[in-house]
């Protein structure tokens, strides 16, 4: 297998195997080191304790004392009997001059002790452990002084030959290696079992194949014209294609929508899920300016409810071209009506002039001029922003044509901003005014009225739009800013205005509120931080 054909599964096996091996090697090395140190410390402690016991033995003390006075003494039999009951390699008792009174080899009894490491004990009474080479070879040697009334008369040396220690440690190491080998094999088997489980989980696909299929899945979803949305059992979006993303959240990338609750994108679709009751369900729904047939498919994997697949299909009665033609036709009819209106006014003026009623004609012209100059005066004085002023003048003309009393507060003020900000303000203010016009016309009990106040004199831009309508239906009051939610049930294009307004307000970190006032009017208020507008 060369590097070009190595799969991710192979790399995972190699990484797991390397990791387990490294852990075993490091653990084994630490265990060997700790075991050796622990054993050596134990040997040292045990040898010192045994040496102290023998240094206080009356038989040993008496024999050493007599030896110091020139008598020939041997503790060979006594000491060897004791040594045979311990794991010490040798026990040597010496007098003050370092002459042995005992030794495992009887021929060395009475000879001088080999090694200078005994003299700190004989001369200074130190109890100590050393590693040195004696007549029997390298050993761990433990020394304790023999004293009478604080007078040092000899020493006891307990030795453990390193070869014997090594042989004993080898037995420990062999047992430890067997256990580590057993753990290593178990870890390898568990890893292979895990890899097999992963392979079954991935439906026998290699990880590279899964990545390739995921890319194909994304490409396929992106190329479908219908909207596709997948949600889990908690109604959170797990997958969404470009078409559905454009219809539900046109100003966000579809990757940002993954994980969001469906209710954040559309309350209408969220309610459809509740009504589906685990069955395939088809329903008509309006999203923005489009009508859709929303089909819900329950996703069941291994008898566990895991969510829904939502498919959105267009149900438009007209094509985009037909809709554009209808809008153009409506505009042409409006222009025709305006032309007819102006023609009638010209006929009135012409008739008055022909009848010789010049003053009446002048008064009629003045009345029409005053009617329009009033709003123009407020706009010129208060609104420095030409695009907004032009838009407000258009709204004024619309209100005048439809019998709506439209007023701009005299205290209003708005300066110029950048083109992009102006475009957003036109969308924001225009949609609020259009909604106010519609609401005012729906209330048969009052004369349609709409008023607007705009001010950016402080650090905030404040916009309030008030209408004399009936207010907002309680059924949609909590979700009026959702795309597709509207009280305009008989209109084909609705549910977009307040959605766009809310998105613009969020973009500038502002606030959007509405309330029903005591005089039975509805007021929408917008506050935008001017520092955000000037970025």
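If you go through the stretch 97-117 one residue at a time, do you hit one that is touching a helix residue (DSSP H, G or I) at 6+ places or on another chain (Cβ under 9 Å) and more than 24 Å from residue 81 (Cβ to Cβ)?
For the stretch 97-117, residues touching a helix residue (DSSP H, G or I) at 6+ places or on another chain (Cβ under 9 Å) and more than 24 Å from residue 81 (Cβ to Cβ): present.
Yes or no, residue by residue, for (1) assigned by TED's automatic domain parsing to the domain that holds residue 245; (2) in contact with a strand residue (DSSP E or B) (Cβ under 9 Å, 6 or more places away or on another chain); (3) at pLDDT 65 or above:
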| site | (1), (2), (3) |
| --- | --- |
| 272 | yes, yes, yes |
| 275 | yes, yes, yes |
| 279 | yes, yes, no |
| 283 | yes, yes, yes |
| 286 | yes, yes, yes |
| 294 | yes, yes, yes |
| 303 | yes, no, no |
| 306 | yes, yes, yes |
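Give the residue, chosen from 432, 425, 470, that is assigned to a loop (DSSP other than H, G, I, E, B) and either closer than 30 Å to residue 284 by Cβ or modelled with pLDDT of 80 or more (or both). Spell out the reasoning first.
Details: 432 fails: assigned to a loop (DSSP other than H, G, I, E, B); 425 fails: assigned to a loop (DSSP other than H, G, I, E, B).
Sole residue among the options that is assigned to a loop (DSSP other than H, G, I, E, B) and either closer than 30 Å to residue 284 by Cβ or modelled with pLDDT of 80 or more (or both): 470.
Suppose we filter the stretch 44-87 for residues that are surrounded by 14 or more Cβ atoms within 10 Å (Cβ to Cβ), in a loop (DSSP other than H, G, I, E, B) and touching a helix residue (DSSP H, G or I) at 6+ places or on another chain (Cβ under 7 Å); how many remain?
2
Check 13, 36 and return the single one that is part of a helix (DSSP H, G or I) and at pLDDT below 70.
Working: 13 fails: at pLDDT below 70.
The unique qualifying residue is 36.
How do the pairs read when you match residues in the stretch 79-99 that are at positive phi with residues anywhere that are surrounded by 17 or more Cβ atoms within 10 Å (Cβ to Cβ) and not in a helix (DSSP H, G or I), using Cβ under 7 Å and keeping only pairs 6 or more apart or on different chains?
Matching pairs, first to second residue: 98/113.
All but one of (1) at pLDDT below 75; (2) in a helix (DSSP H, G or I) hold for residue 3; which doesn't?
If we test residue 3 against (1) at pLDDT below 75; (2) in a helix (DSSP H, G or I), just (2) comes out false.
The values are calculated or read from the model by the stated rules, or taken from the named source; none is laboratory data. Here the structure is a predicted model, which is why all the values come from computation and not from measurement. Methodologically, a virtual Cβ is constructed for each residue, glycine included, from the backbone with ideal geometry; neighbour enumeration extends over all protein chains shown.
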